[in-house]
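Beneath this line is the structure, given in structure tokens, with notes to follow.
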Amino acid sequence: MVIQGANDPRVLQAESDQIVEAVSKNGTPYRYEIYQDEGHGFTKKQNKISSSKIILEFLDEYLKKSIFEEENS
């Protein structure tokens, strides 16, 4: 899960691109979201809501699956 503000002066989008590329190569599930109107630390309410929903969906999908698989092994 990588959520990037396109205007982030601390973590450049190129760095996030590298992380996503590496994760993609090893087959790890990921989600990459870029918010064009944000920097480092989101300030816009709608973006905070949107990114929170995306995080919850990702965790729900992959953590629940992982926990369920462990319980049934």
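The values are calculated or read from the model by the stated rules, or taken from the named source; none is laboratory data. Quick caveat: nothing in here was measured; it's all calculated off a predicted structure. Backbone-built Cβ (ideal geometry, glycine too); neighbour counts: all protein chains shown.
For the structure I just gave you, tell me whether SER73 is modelled with pLDDT of 95 or more and of a type in the set (Gly, Ala, Ser).
Here the answer is no, as SER73 does not meet what is asked.
Can you name the residue in region 9-51 that is at pLDDT 95 or above, within 19 Å of LEU63 (Cα to Cα) and touching an Asp or Glu at 6+ places or on another chain (Cβ under 9 Å) and, of all such residues, is surrounded by the most Cβ atoms within 10 Å (Cβ to Cβ)?
The qualifying residue surrounded by the most Cβ atoms within 10 Å (Cβ to Cβ) is SER51.
Pick from ILE54, ILE67: which is among the aliphatic types (A, V, I, L, M) and modelled with pLDDT of 95 or more? Steps first, please.
Working: ILE67 fails: modelled with pLDDT of 95 or more.
One residue alone meets the criteria, ILE54.
Return the total of residues in region 1-36 being in a loop (DSSP other than H, G, I, E, B) and over 12 Å from the mean Cα position of the chain (by Cα).
Total meeting the criteria: 11.
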